[in-house]
Amino acid sequence: MRTRRIARFIAIIQSILFVEHFLLYKTWTFSLAANAPGATWIKLVLGLLSISFVAASLLAFRYTNPALRALYRVAAVWLGLQNFLFPAMVLSWITLGVARMAGLNLNFHRTVELFFGAAMVAGSLGVMNASWTRITRTTVRLANLPASWRGRKAALISDVHLGHVRNGNFLRRMVAKILHEEPDAIFIAGDLYDGTAIDAGQAAEPLNKLTAPQGVYFVAGNHEQFGDDSKYLRAIAGAGVRVLSNEKVDVDGLQIIGVPYRNATQKGHLASALNKLRLDRDRASILLVHAPDHPEVAEAAGVSLQLSGHTHLGQFIPWSWFARRMYRQFVYGLSRIGRMQVFTSSGAGTWGPPLRLGSNPEIVMLQFE
């Protein structure tokens with residue numbers, strides 16, 4: 001039954017991509033002569049691109065090699081560019097309709113070239129922006145914070161998505177940036193891996209150098225838990241990172257809790273996991289949970305600060321609008337619910353298209369007061 005649902009989902013996605021590429025082709029060639037130079041090649045290239053991402057994704061979950069990684073990157077970048085080409089196509093037809101109603105003689109192909117060119121520029125800027133990781137700084141004031149933690153700093157990263165696009169070199173650069181900040185603690189809020197075929201141990205090797213006086217902590221995200229997460233968790237733990245799975249640790253008077261994604265998707269499961277940990281409500285606490293799905297549950301359990309990722313802030317328009325609608329105030333940054341604060345990171349990497357426009361990849365530096 002599950003296999004049938006997945007096959008149906010893949011078929012739907014591929015059908016949508018076929019239709020979009022067909023419309024792009026028809027828009028580009030609409031006002032050209034039937035025998036216009038290159039029309040056949042355009043049709044062939046768009047036909048191959050229309051199946052590239054689904055095909056590359058299916059292969060990427062089973063295999064990994066340089067050729068496949070290159071194919072996946074090309075297909076993922078094209079999927080992102082297509083996100084901008086489609087509205088450009090719609091704008092082209094709207095412009096033609098308005099021009100005809102106004103009695104204007106519009107050169108439709110030149111209009112298409114203009115809008116498609118702007119779309120390609122926007123997409124290219126998004127690709128470049130996704131490779132520029134920023135340091136985001138914020139101060140968090142917590143009630144009952146132990147005196148030893150006042151003025152201390154913690155680094156938060158999430159959604160690195162090691163796989164066919166990001167690899168160990170990317171993580172190595174993240175580690176160097178974090179260590180340069182000299183944080184007292186480091187939190188990794190899930191989706192370190194993308195879920196595609198990868199040598200988990202080799203990819204996690206840069207974490208061996210990631211150290212902090214008060215420890216380095218990880219909680220699993222949805223991409224680690226697509227299936228059996230043991231190979232990922234073993235690799236992370238083997239690199240010296242403390243993996244928290246429905247656990248609470250006391251670190252110099254501060255309660256640090258980790259609940260993996262699988263145990264936090266439903267309110268009842270998250271509430272049960274937190275209740276079993278018996279938090280001391282009179283002491284400050286930090287909850288690591290991948291997605292900011294149910295902050296009201298953590299607040300009711302007495303958590304002081306929740307650290308999450310997952311949303312990517314939508315990565316790029318228009319998905320950033322959908323992300324804001326879904327997660328509201330918790331989609332990004334520092335917010336509050338009742339007595340608890342929530343910080344949601346936009347993440348360091350990308351999923352699918354390696355592209356960001358309207359959101360920035362980041363490493364978050366939290367200073368406690």
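So if I check each of 63, 72, which one is among the hydroxyl-bearing types (Ser, Thr, Tyr) and part of a loop (DSSP other than H, G, I, E, B)? Break it down stepwise before answering.
On the way: 72 fails: part of a loop (DSSP other than H, G, I, E, B).
63 is the lone residue from the list that is among the hydroxyl-bearing types (Ser, Thr, Tyr) and part of a loop (DSSP other than H, G, I, E, B).
Among the residues of the range 212-252, the ones that are more than 24 Å from residue 177 (Cβ to Cβ), under 19 Å from the mean Cα position of the chain (by Cα) and not acidic (Asp, Glu) come to 4 in all.
Would you point out the residue of the range 335-369, among those that are among the polar types (S, T, N, Q) and surrounded by fewer than 22 Cβ atoms within 10 Å (Cβ to Cβ), that is nearest to residue 297 (Cα to Cα)?
Taking the candidates together, the pick is 341.
State whether the residues of the range 232-249 include one that is out of contact with any strand residue (DSSP E or B) (no Cβ under 7 Å at 6 or more places or on another chain) and hydroxyl-bearing (Ser, Thr, Tyr). Checked the range 232-249: no residue is out of contact with any strand residue (DSSP E or B) (no Cβ under 7 Å at 6 or more places or on another chain) and hydroxyl-bearing (Ser, Thr, Tyr). Is it fair to say residue 214 is assigned to a helix (DSSP H, G or I), at negative phi and of a type in the set (S, T, N, Q)? In short, no.
Go through the residues of the range 94-102 one by one and say whether even a single one is assigned to a helix (DSSP H, G or I), surrounded by 14 or more Cβ atoms within 10 Å (Cβ to Cβ) and either in contact (Cβ under 8 Å) with a residue 40 or more places away in the chain or in contact with a helix residue (DSSP H, G or I) (Cβ under 6 Å, 6 or more places away or on another chain) (or both).
Yes; the residues of the range 94-102 include at least one that is assigned to a helix (DSSP H, G or I), surrounded by 14 or more Cβ atoms within 10 Å (Cβ to Cβ) and either in contact (Cβ under 8 Å) with a residue 40 or more places away in the chain or in contact with a helix residue (DSSP H, G or I) (Cβ under 6 Å, 6 or more places away or on another chain) (or both).
Only a single item in (1) over 30 Å from residue 6 (Cβ atoms); (2) touching a residue at least 60 places away in the same chain (Cβ under 8 Å) is not met by residue 179, and it is number (2).
Figure legend. Inter-residue proximity from the range 66-84: first residues surrounded by 17 or more Cβ atoms within 10 Å (Cβ to Cβ), second residues acidic (Asp, Glu) and in a helix (DSSP H, G or I), beta-carbon distance below 8 Å, spacing 6+ or different chains. Indicated pairs: 82/20. The set of residues in the range 320-347 being out of contact with any helix residue (DSSP H, G or I) (no Cβ under 6 Å at 6 or more places or on another chain) and touching a residue at least 40 places away in the same chain (Cβ under 8 Å) consists of 333, 334, 339, 341, 343, 345.
Restricting the range 199-211 to residues that are under 22 Å from the mean Cα position of the chain (by Cα) and in a helix (DSSP H, G or I), which is surrounded by the fewest Cβ atoms within 10 Å (Cβ to Cβ)? Among them, the one singled out is 202.
Of the residues making up the range 54-65, those that are surrounded by 15 or more Cβ atoms within 10 Å (Cβ to Cβ) and either over 22 Å from the mean Cα position of the chain (by Cα) or among the polar types (S, T, N, Q) (or both) are 57, 64. The set of residues in the range 122-161 being in contact with a strand residue (DSSP E or B) (Cβ under 8 Å, 6 or more places away or on another chain) and closer than 15 Å to residue 312 by Cβ consists of 126, 129, 133, 134, 136, 156, 157, 158, 160, 161. Quick check on residue 190: is it surrounded by 16 or more Cβ atoms within 10 Å (Cβ to Cβ), in a loop (DSSP other than H, G, I, E, B), modelled with pLDDT under 95 and not polar (S, T, N, Q)? Spelling it out, it is not the case that residue 190 is surrounded by 16 or more Cβ atoms within 10 Å (Cβ to Cβ), in a loop (DSSP other than H, G, I, E, B), modelled with pLDDT under 95 and not polar (S, T, N, Q). Residues that are among the basic types (Lys, Arg), more than 24 Å from residue 349 (Cα to Cα) and in a helix (DSSP H, G or I): does the range 261-280 have at least one? Yes, there is a match, as at least one residue in the range 261-280 is among the basic types (Lys, Arg), more than 24 Å from residue 349 (Cα to Cα) and in a helix (DSSP H, G or I).
The values are calculated or read from the model by the stated rules, or taken from the named source; none is laboratory data. Note that the coordinates shown come from a computational prediction; the quantities given were computed from them, not determined experimentally. Cβ coordinates were reconstructed from backbone atoms using ideal geometry, including for glycine residues, and neighbour counts include every protein chain displayed.
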